[in-house]
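The structure appears right after this line, and notes come after that.
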Amino acid sequence: MMGWWMLGGAAAVLVVLGLAVFGVVQLLRRGHAPSAGSGPMSADEVLRRRYAAGELDEDEYERRRSTLER
């Protein structure tokens, strides 16, 4: 009789661990889902986006762009 309880407890532990692993995998997939552009942005694209968002003025944008072109 004790064997069935131990077997049931071991099965329950395996189910809980399996659900935990499944949950972690799902969270990691959501955190690293590809964006519409798929793939990392180039330095030039990041620079253009920052300029468009107003984070850089024209002089700073041109200075950084010329640095990237070297």
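Any chance you could give the angle, 0 to 90 degrees and rounded to 10, that helix 2-31 forms with the longest Cα principal axis of the chain? Tilt of helix 2-31: around 10 degrees. The stretch between S66 and M41, if pulled fully straight at 0.36 nm per residue, gains 7.2 nm over its current Cα-Cα span.
Averaged per residue, the chain has 90 square angstrom of accessible surface, using a 1.4 angstrom probe with ligands and nucleic acids left out.
The values are calculated or read from the model by the stated rules, or taken from the named source; none is laboratory data. Because the structure is predicted, anything quoted here is derived from the model rather than measured. Heavy atoms of the whole protein, side chains included, go into the accessibility calculation; ligands, DNA and RNA do not. Shrake-Rupley method; radii C 1.70, N 1.55, O 1.52, S 1.80 Å.
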